[in-house]
Amino acid sequence: MWSPYLDCDRDISRLRIADTCRHLPTLSIPFVRPNLPALHRSGNLQAMAQRHANSMAARRSMDHDGFYSERGPRGARAENVAYGCATESCAMRMWENSAGHRANMLLTDMKAYGLASASGGRDRYWCLIVGR
């Protein structure tokens with residue numbers, strides 16, 4: 001299955017991520033964000049999500065390490081992480097079926113997102129960051 005995020009699935013600098021991922025569409029989750037505007041991809045949040053996905057994959061640990069000390073102060077409002085899904089749609093389904101993760105995606109004051117994944121052995125680690 002083709003995903004617009006595959007070009008971003010590398011450990012590259014923030015500038016390169018922004019340049020490479022400029023073509024990414026808005027994240028429209030109509031059945032998850034009913035009556036809310038679509039979130040737009042942010043280069044800054046994308047870079048944060050990619051760094052955290054890469055970090056989790058390198059450590060083979062799914063966590064929120066650094067959210068409050070690094071990503072939160074730089075504009076992230078909420079973060080969803082997952083592992084084991086081979087596709088973006090699988091990760092999104094996992095989050096949609098979890099009350100807490102779904103609540104993060106339904107925050108009404110959010111306008112932007114960054115979504116990334118990285119491979120750690122046989123598992124794929126995912127990070128979705130939403131912010132203003």
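Structure values in brief
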quantity: Phi-based couplings in Hz for the range 42-53 (Karplus 6.51, -1.76, 1.60; Gly and Pro marked x); calculated: 10, x, 5, 5, 4, 4, 4, 4, 5, 4, 6, 4
quantity: Carbon/sulfur fraction of accessible area - the range 82-132, other protein chains in place, 1.4 Å, %; calculated: 50
quantity: Sequence-distant residues sharing a close amide H with ARG41 (under 5 Å, placed H); calculated: LEU27, TYR113
quantity: Residue-by-residue Karplus 3J(HN,Hα) for the range 90-107, coefficients 6.51, -1.76, 1.60, Hz, glycine and proline x; calculated: 5, 4, 4, 4, 4, 5, 5, 8, 10, 4, x, 5, 4, 4, 4, 6, 9, 4
quantity: Spacing of the two label points (7 Å from each Cα toward its C-beta) at SER89 and ALA38, in nm; calculated: 1.7
quantity: Distance between modelled label sites at LYS111 and ASP63, nm, 7 Å Cα→Cβ extension; calculated: 3.4
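The values are calculated or read from the model by the stated rules, or taken from the named source; none is laboratory data. Since the model is a prediction, treat every value here as computed from it, not as a measurement. Glycine also receives a Cβ, built like all others from the backbone with ideal geometry; neighbour counts cover every protein chain displayed. Just the protein is used for accessible areas: all its heavy atoms, side chains included, with ligands, DNA and RNA removed. Shrake-Rupley method; radii C 1.70, N 1.55, O 1.52, S 1.80 Å.
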